[in-house]
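First the structure, in the form of structure tokens, and then the observations on it.
The values are calculated or read from the model by the stated rules, or taken from the named source; none is laboratory data. Only a predicted model underlies this, so the values are computations on that prediction, with no experimental measurement involved. Glycine gets a Cβ as well: all are built from the backbone with ideal geometry, and neighbour counts include every protein chain shown.
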């Protein structure tokens, strides 16, 4: 199995949108909130940069489409056809990462800021067993998340 990780920041997104596929431009137009739009663009830009690296730059970015599967997971299409990549996207605070594999696998990644967590957060999001391993003031809560 080959697994890669790629990261980009929001300041690397081109101002023009000609790197988006036509269906992506339609999807972008539907976003009402600027933050959601910015996060979505950053995720697409990061995924396309990762795919461009794996394909040695042989594709135009507009030929690559990142589309949500019925489950919500991102999928890759190249010139409208399913691509042989599995990806996962995450973004937080102007940074996005794309985990990508050339194998058909279930894949997940998550960006999380290392910060203090309240006891309420710990009890809401962690099992009792996980809660026993972490404390709200330790980096272990971010790692466990």
Please name all residue pairs, on different chains or six or more residues apart, with Cβ atoms under 8 Å, provided the first residue is in region 95-116 and is on the phi > 0 side of the Ramachandran plot and the second residue is modelled with pLDDT of 90 or more and surrounded by 13 or more Cβ atoms within 10 Å (Cβ to Cβ).
none
Suppose we keep only residues that are in contact (Cβ under 8 Å) with a residue 24 or more places away in the chain and part of a loop (DSSP other than H, G, I, E, B) within region 85-94. Which one would you say is nearest to residue 66 (Cα to Cα)?
85
More than 18 Å from the chain's Cα centre (by Cα) and loosely packed, with under 13 Cβ neighbours inside 10 Å, is that true of residue 56?
yes
Would you confirm, using the coordinates I've provided, whether residue 25 is surrounded by fewer than 18 Cβ atoms within 10 Å (Cβ to Cβ), touching a helix residue (DSSP H, G or I) at 6+ places or on another chain (Cβ under 7 Å) and without any contact (Cβ under 8 Å) to a residue 40 or more places away in the chain?
no
Does residue 19 satisfy the condition of being within 17 Å of residue 90 (Cβ to Cβ) and either in a loop (DSSP other than H, G, I, E, B) or under 14 Å from the mean Cα position of the chain (by Cα) (or both)?
no
Whichever residue in region 61-76 is over 16 Å from the mean Cα position of the chain (by Cα) and touching a residue at least 24 places away in the same chain (Cβ under 8 Å) and, among such residues, is farthest from residue 13 (Cα to Cα)
63
Can you confirm whether residue 63 is at pLDDT 95 or above and out of contact with any helix residue (DSSP H, G or I) (no Cβ under 9 Å at 6 or more places or on another chain)?
yes
Scanning region 46-59 for residues that are in a loop (DSSP other than H, G, I, E, B) and touching a residue at least 12 places away in the same chain (Cβ under 8 Å) gives 59
Identify, please: which residue in region 75-96 is touching a helix residue (DSSP H, G or I) at 6+ places or on another chain (Cβ under 7 Å) and surrounded by 15 or more Cβ atoms within 10 Å (Cβ to Cβ) and is, among those, farthest from residue 37 (Cα to Cα)?
85
Only unsatisfied item for residue 8, checking (1) touching a helix residue (DSSP H, G or I) at 6+ places or on another chain (Cβ under 6 Å); (2) more than 13 Å from residue 91 (Cβ to Cβ), is (2)
